[in-house]
Amino acid sequence: MHVLDFGIFKLRAPTDWHIVKKQGTDSYVGGLTNGSDSCWFDYGRYDVEFPNDSGYWCRFSEDTVNGFPAVFSIPDSSQPGDVTMKIPGLASSDRFTIWASKVMDIPTVLRIYKSTMFRGSDSSTNPPLKEVKYFDRTNADGKMLFVANCQACHTMRGQVDGPRIQDLIVMRNAEWLHRFFTDKDL
């Protein structure tokens, strides 16, 4: 294992992995690769959706990475697939997403993600990564689904890109909210 230093953060990766530089428009982007698996990151104000181009179900898990709450997504099968980690609440309202498509070595990619160290943050609260923490997407609780899919743009009280949840609750009736949050036809 060696440390890959991206300036704002560092990662620990096997020695055959190296940094890939990219040019971002409104955020810091880049990646790392070993030639067969490649991980890409976006660090900035805007959020990146969980990529899932392969049409399979994912398993989600919450964890702590370098003192920050994070959400992980891995394929719900033994086949190569997308592996994503999102940290929606860094300092100064920044967000961090790192993802890889068609990952062959999922445990190694998860260890790399878990090793993320942000400058000036606390890594002493990181529990060890355990793949058994993952569970089927259909059983995800509301809080995890909100963190994974909504929190980046919607909060209860603060001002972000989308409407505040408390404003939506006032504007819509209970039946509409239930259908919306359970993904029933509107």
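The values are calculated or read from the model by the stated rules, or taken from the named source; none is laboratory data. What you see is a predicted model; the values in this text were computed from it and never measured. Positions of Cβ are backbone-derived with ideal geometry, glycine not excepted, and every protein chain shown enters the neighbour counts.
Would you mind stating whether residue 92 is modelled with pLDDT of 65 or more, hydroxyl-bearing (Ser, Thr, Tyr) and on the phi > 0 side of the Ramachandran plot? Judged against the criteria, residue 92 is a match.
Would you say residue 108 is within 16 Å of the chain's Cα centre (by Cα), modelled with pLDDT of 75 or more and within 21 Å of residue 68 (Cα to Cα)?
Numbers: within 16 Å of the chain's Cα centre (by Cα): no; modelled with pLDDT of 75 or more: yes; within 21 Å of residue 68 (Cα to Cα): yes.
Criteria not met by residue 108.
Taken over segment 7-22, the residue count meeting the criterion of being surrounded by 13 or more Cβ atoms within 10 Å (Cβ to Cβ), in a strand (DSSP E or B) and either touching a residue at least 60 places away in the same chain (Cβ under 8 Å) or basic (Lys, Arg) (or both) is 5.
Does segment 50-59 contain at least one residue that is more than 21 Å from residue 22 (Cα to Cα), surrounded by 16 or more Cβ atoms within 10 Å (Cβ to Cβ) and at pLDDT 75 or above? Full working, then the answer.
Filtering segment 50-59 for residues more than 21 Å from residue 22 (Cα to Cα) gives 52-59.
Subset that is surrounded by 16 or more Cβ atoms within 10 Å (Cβ to Cβ): 52, 58-59.
Next, from what is left, pick out any that are at pLDDT 75 or above: 59.
Checked segment 50-59: at least one residue is more than 21 Å from residue 22 (Cα to Cα), surrounded by 16 or more Cβ atoms within 10 Å (Cβ to Cβ) and at pLDDT 75 or above.
Residue count for segment 23-46 satisfying the condition of being part of a strand (DSSP E or B), modelled with pLDDT of 90 or more and not β-branched (Val, Ile, Thr): 10.
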